[in-house]
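Remarks on the structure that follows.
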Amino acid sequence: MSTARAPLLLTLLCALAGCAALTPQTYQLEQIHQTYTSEWVDAEFPPPSQQPGAVNGSGKFSHTLESIRNYKIQHGTDTRAAAHLTVLEGMIYLQSGSPGMAALLEPDVDAAREVLQTTSGVAARDVIIAVSYPYLVEGWSEIGKGGYDVMIERFTDAADGIADELANIPPDARAAVDVDSGGAYVATSAAIFYTWAGAVNPTPENKKAMAIKGEAVLGPWLSERERTAAVDGTFRDLEWGSRLRYLEWYAWLHDKAGV
């Protein structure tokens with residue numbers, strides 16, 4: 001974690017834990033996030049292609065999942081912090097290629113969304129993921145079939161659902177993209193689902209139309225600097241951390257969209 005982001009993360013975790021100072025509980029939350037960040041950087045994310053494969057991150061998040069369970073055992077499951085960790089757990093199942101486990105958690109993530117709604121007006125990562133969660137499960141579950149008996153409607157329904165949820169968030173209610181990658185992850189997932197819809201019906205017209213939709217849904221969740229670097233190819237010369245995977249997808253989509 002960069003030193004620039006550390007104070008912001010501590011503030012967020014302190015708010016989730018309901019504390020006025022750095023407590024052992026807040027420190028425990030910080031450690032969970034550091035473990036997750038480390039494991040997420042090492043986990044697979046399908047690279048850009050016309051038919052991207054399913055995520056295969058089996059075992060990649062074992063330490064984070066164990067830490068989440070231990071936290072809930074120690075501090076209970078009816079707090080904002082616990083709700084936040086429920087959303088994180090759901091994300092882990094999606095990111096580790098376990099859409100079945102992610103589907104089982106849908107009622108819990110929906111309940112967590114109600115707890116995590118803020119009065120500040122800022123659409124934070126947890127809420128963005130929670131409102132998009134059923135569509136994420138639907139799309140990644142379809143990809144998990146490995147290309148057999150997939151249905152274009154499942155991909156377009158999931159992608160359109162995410163696009164609609166993201167479009168409902170006003171630009172001034174979005175957290176800074178260089179601090180919160182929740183929107184970029186969800187938007188990239190929608191773009192992947194559109195790409196699959198292009199692969200299921202691989203006419204040149206449909207593939208281009210789906211690429212255009214994918215670029216449109218992802219673009220607002222990247223900074224202007226990131227979009228420019230992706231389009232002109234200079235992003236490969238700079239250090240982007242885990243956000244590199246989003247820039248790679250945007251560059252590929254922009255090329256396939258051809259507009």
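One table, with the values for the structure above:
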| read-out | value |
| --- | --- |
| Candidate set: the stretch 14-26, residues that are surrounded by 15 or more Cβ atoms within 10 Å (Cβ to Cβ) and at pLDDT 75 or above; chosen: the one farthest from the chain's Cα centre (by Cα) | 25 |
| Qualifying residue in the stretch 148-157 (condition: in a helix (DSSP H, G or I), more than 21 Å from residue 44 (Cα to Cα) and among the hydroxyl-bearing types (Ser, Thr, Tyr)) | yes |
| Residue among 212, 192 that alone is under 20 Å from residue 142 (Cβ atoms), in contact (Cβ under 8 Å) with a residue 40 or more places away in the chain and either in the same structural domain as residue 153 (by TED's automatic domain parsing) or in contact with a Lys or Arg (Cβ under 9 Å, 6 or more places away or on another chain) (or both) | 192 |
| All positions within the stretch 27-71 that are part of a helix (DSSP H, G or I), buried (at least 17 other Cβ atoms within 10 Å of the Cβ) and not polar (S, T, N, Q) | 29, 30, 32, 33, 36, 39, 40, 65, 68, 71 |
| Selected residue (only one of 91, 101 is surrounded by fewer than 20 Cβ atoms within 10 Å (Cβ to Cβ) and modelled with pLDDT of 90 or more) | 101 |
| The stretch 132-169, subset β-branched (Val, Ile, Thr) and farther than 20 Å from residue 109 by Cβ, residue surrounded by the most Cβ atoms within 10 Å (Cβ to Cβ) | 156 |
| Pair list, Cβ < 7 Å and 6+ apart or interchain, from the stretch 33-53 residues that are more than 17 Å from residue 181 (Cα to Cα) to residues that are among the hydroxyl-bearing types (Ser, Thr, Tyr) | 50/195; 52/195 |
| Matching option when the condition is assigned to a loop (DSSP other than H, G, I, E, B), among the β-branched types (Val, Ile, Thr) and out of contact with any Gly (no Cβ under 7 Å at 6 or more places or on another chain), among 192, 162, 169, 212 | 169 |
| Members of the stretch 104-121 found to be farther than 30 Å from residue 146 by Cα, out of contact with any His (no Cβ under 8 Å at 6 or more places or on another chain) and either of a type in the set (Asp, Glu) or buried (at least 17 other Cβ atoms within 10 Å of the Cβ) (or both), listed by number | 113, 114, 115 |
| Residue selected from the stretch 231-259 under the condition modelled with pLDDT under 95 and small (Gly, Ala, Ser), by the criterion nearest to residue 155 (Cα to Cα) | 258 |
| Near pairs, Cβ below 9 angstrom, 6+ apart or cross-chain, from the stretch 145-165 (basic (Lys, Arg)) to any residue that is in a loop (DSSP other than H, G, I, E, B) and buried (at least 16 other Cβ atoms within 10 Å of the Cβ) | 145/54 |
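The values are calculated or read from the model by the stated rules, or taken from the named source; none is laboratory data. Bear in mind that the values here come from a model prediction, so they are computed numbers and not experimental data. Glycine gets a Cβ as well: all are built from the backbone with ideal geometry, and neighbour counts include every protein chain shown.
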